[in-house]
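Report on the following structure.
The values are calculated or read from the model by the stated rules, or taken from the named source; none is laboratory data. The shown structure was predicted, so the numbers you read here are calculated from the model rather than taken from an experiment. Using ideal geometry, Cβ is built from the backbone for each residue, glycine included, and neighbour counts are taken over all protein chains shown. Surface accessibility is based on the protein's heavy atoms, side chains included, excluding ligands, DNA and RNA. Shrake-Rupley method; radii C 1.70, N 1.55, O 1.52, S 1.80 Å.
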Amino acid sequence: FAIEPFLEARIGVLMPRDHPLANQTIVSIEQLSDQPFATLAQGQRWRDRLDECFGREGLVPTIGLQTTSTPVIQQLVRDGLGLGLVDLICGRLLPDENLAFVPLADERWITYAAIHPNGPKPVLAEQFVDHMCQFVENERESSSIAARNLRLI
């Protein structure tokens, strides 16, 4: 298989805009240690990342609610039922969204890549990556938060 990395997204915390930590430029795991999280179930990627981030500091996250769907996490955060560990691809903020994204102080980035069989790249795969890159560039141009937390490779 050929792996084509095209995007890096910084990990942060999604929270209601009126949350006491929402106006910070970064947030530490220690500051989050008493906050409830809405998260995926154990064994799912974002839950593993949450457990890893807290585990690095010798802490265990407080899990308020669990689901099997990342979009549901965003809705739970909107409803004030917990914070969500995400990046701006999985936790995209809409222009009038009542949510804030605050990056983790311990800077961590996720790499997104297209994976396709060896040999000539399928035309649709190339178009997909091109469209994703254009989408990310548009996000970066329209939002200073996206500009700081998403980068094309």
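Solvent exposure of the chain, expressed per residue, is 54 Å² of accessible area, with all protein chains present and a 1.4 angstrom probe.
Across Gly12, Gly119, Gly84, mean-square fluctuation computed from a Gaussian network of the chain (C-alpha pairs under 10 Å connected) peaks at Gly119.
May I ask you to give the percent of accessible area on the chain that is carbon plus sulfur, with a probe radius of 1.4 Å? The value for the chain is 52 percent carbon and sulfur by accessible area.
Between Leu124 and Glu52, the distance separating the two model label sites (each 7 Å from Cα on the Cα→Cβ line) works out to 3.0 nm. As a length-normalised measure over Cα pairs under 8 Å and 6 or more apart, the relative contact order of the chain settles at 41 percent. Computed over segment 1-120, the range of Cα coordinates on each principal axis works out to 51, 36, 27 Å, biggest value leading.
What's the Cα-based Rg to Rh of segment 84-153, Rh via Kirkwood? List each step's numbers first, then the result.
On the way: Rg = 14.3 Å, Rh = 13.9 Å.
Here the Rg-to-Rh quotient is 1.03.
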